[in-house]
1. For the cross-link pairs Lys177/Lys275; Lys29/Lys49; Lys49/Lys256; Lys132/Lys158; Lys36/Lys297, which exceed 27 Å when the distance is taken from alpha carbon to alpha carbon?
2. Ignoring ligands, DNA and RNA, please state the percent of accessible area on the chain from carbon and sulfur, probe 1.4 Å.
3. Keeping every protein chain in place, order Tyr90, Tyr111, Tyr20 by accessible area at 1.4 Å, biggest value first, i.e. largest first.
4. In percent, how large is the relative contact order of the chain, given Cα pairs closer than 8 Å and 6 or more residues apart?
5. Accessible area per residue, 1.4 Å probe, Å², for the range 78-235: what's the number?
6. To the nearest 20 debye, what is the magnitude of the charge dipole of the chain about its Cα centre, counting +1 on the Cβ of each Lys and Arg and -1 on the Cβ of each Asp and Glu?
7. Among Val224, Pro122, Pro4, whose Cα sits farthest toward the positive end of the charge dipole of the chain (+1 at Cβ of Lys/Arg, -1 at Cβ of Asp/Glu, about the Cα centre)?
8. Give me P(r) over the chain, computed from all C-alpha to C-alpha distances, binned every 20 Å, as integer percentages.
Amino acid sequence: MGDPVRPSELKNKHKRENLYQKQRLEKQKAKSSKRKQLAKAEEKNPELKKKRLEENVPKTLDNTREADETMVEQDDEVAQDEALDELASYFNGKTPKVLITSSKNPSPNCYDFCAELVSMFPEAQFAKRGAKHELRQVIKIANDKEFTDLIIVNEDRKVPNAITLIHLPDGPSAYFKLTSFTPAKAISGHGRVTAHNPELILNNFNTRLGHTVGRMFQALLPQVPEFQGRQVITFHNQRDFIFVRRHRYVFRDTEKVGLQELGPKFTLKLRWLQKGIYKRDGEYEWVFKPDMETSRKRFFL
């Protein structure tokens, strides 16, 4: 037999289309048959499937990211540094107490977002910010009342667009851009939040900078969760975007687990990290600049 005829060799349009569809269908049948044979072989020998999955790892921006010298492994030096940093008191058993406030003259949307944050973090309180209260005064009041963290919600055109997170009394301070906020009431089929202390999941905070940011989030929640509530707050870092979600898990049986979203959900992106309590002329540990994005595979957290 000679080589098969290619559709491009035919001058008649209808014959060309018919041949193309016929060859396409044959390819699909051959592919489907091969998959079925492979599935039967893997069902008899699970080691074949394990080997295939290990060899066929797809390349993504995440697993091909540029090497970063600040990536944190199991390092004694890093552990010693973190044992003496500003956040160490939380990990020595200090109970978090979070104060949440807004920018001056907030809109109803800003109040709604603050209320969602209060519901997320146990021992969190909202304080209305007066028109004459400067940030330094708010920080002093929070320190005097022995709050461990201060969250300031900023807005633009009556839409919450940023969060300033300050760990008290010694810092650090971080500023995040806020996007994609969806309140709990707008999530279809959302569950009802209970007063139990939630569990915490931190994903992909792998660099020294990422570790610091992850520890700041960790310091917002009690160290001992109440498992009977089955509530989980997740901070998932993917390509320097931090996706914040809250779920309740439900055990269907001994093997399957279901998730019910509680809300809210929103996305954060770090813009700067400052040592100590926030000051306009303070020492910045890291600042994002557009010219830092030299490659799509370069990430900082």
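1. Values: Lys177/Lys275 19 Å; Lys29/Lys49 22 Å; Lys49/Lys256 21 Å; Lys132/Lys158 19 Å; Lys36/Lys297 36 Å.
As for pairs spanning more than 27 Å Cα to Cα, those are Lys36/Lys297.
2. Details: 9640 of 19550 Å².
Whole-percent figure for carbon plus sulfur exposure: 49.
3. Details: Tyr90 15, Tyr111 80, Tyr20 115 Å².
So, going from the largest accessible area down, we get Tyr20, Tyr111, Tyr90.
4. Contact order relative to length: 17 percent.
5. Working: 7730 Å² over 158 residues.
Each residue of the range 78-235 exposes 49 Å² on average to a 1.4 Å probe.
6. On the way: 54 positive and 42 negative charges, 519 e Å.
Approximately 2500 debye in magnitude.
7. Going by the Cα projections, it comes out as Pro4.
8. In whole percents, the pair-distance histogram is 25, 46, 20, 9, 0.
The values are calculated or read from the model by the stated rules, or taken from the named source; none is laboratory data. Source: prediction; values computed, not measured. FYI the Cβ positions are ideal-geometry reconstructions off the backbone, even for glycines, and counts take in every protein chain you see. We work out accessible area using only protein heavy atoms, side chains counted, and drop any ligands, DNA or RNA first. Shrake-Rupley method; radii C 1.70, N 1.55, O 1.52, S 1.80 Å.
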